[in-house]
Structure formats: structure tokens, C-alpha cells
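Every read-out reported here was derived from the displayed coordinates using simple, explicitly stated rules and does not represent laboratory data. The shown structure was predicted, so the numbers you read here are calculated from the model rather than taken from an experiment.
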Amino acid sequence: MSNTIPSREEYNEMLKDALKPVCGKMSRDEYDNRYSVIELGLLENLITPQQFVTSFNKLLDMYQASRPSFEDHFGTREFI
């Protein structure tokens, strides 16, 4: 990403790419890169706060869905 502020059209394309579904497991670096696109839109007034929340929720849902849950991976927890 360059140091210039993108136009709304360029940003909309960046946001579409950031919210594309992932195949397989999303890495933390990929999540951070996608989040930075969403954050840029809010900081530069390219999206509204409500659009930020909606986009963030989509991204978080994609990240969580791509990661195995603790219980699926290790089994249920048993407390002593």
C-alpha cells in the first residue's frame, strides 16, 4: 500500500478485496492486513462508523470461521 490516500473508488476496491472469503486458515498477518484496510477507511473518512463496524464484524467472523475451535482441536475441557 502506498502512502497516498486512495480515492473512494480505489478504496471500495481495496475493501472488496479485504472482505473476500478465504480458503483455508486465515493467518494473523493476513487478518492484520485486511483490518488495516478497514481501519484506513474509518481514519480517512472513506466509510462511516457503522460501515466500519459492519466490515469489522464480517472480517472477524471470517477469521474465527477459518480457525479451528479449541474444543474441536483438543476436545472438551475438564476441570478438576
Legend entry - Rounded to whole Hz, the Karplus (6.51, -1.76, 1.60) HN-Hα couplings of region 28-41, x for glycine and proline: 5, 5, 5, 4, 4, 5, 5, 5, 4, 5, 5, 5, 4, x
Inset, instruction - Please work out how much length the chain gains when fully extended from N33 to F56, using 0.36 nm per residue of separation minus the C-alpha to C-alpha distance, in nm with one decimal. - result: 7.0 nm
Legend entry - Contact order relative to length of region 8-66, as percent, for alpha carbon pairs under 8 angstrom and 6 or more apart: 44 percent
Inset, instruction - Using only the Cα atoms of region 8-66, build the gyration tensor, take square roots of its eigenvalues as a ≥ b ≥ c, and label the shape rounded, prolate or oblate: rounded if a/c is under 1.5, else prolate if a/b is larger than b/c, else oblate. - result: prolate
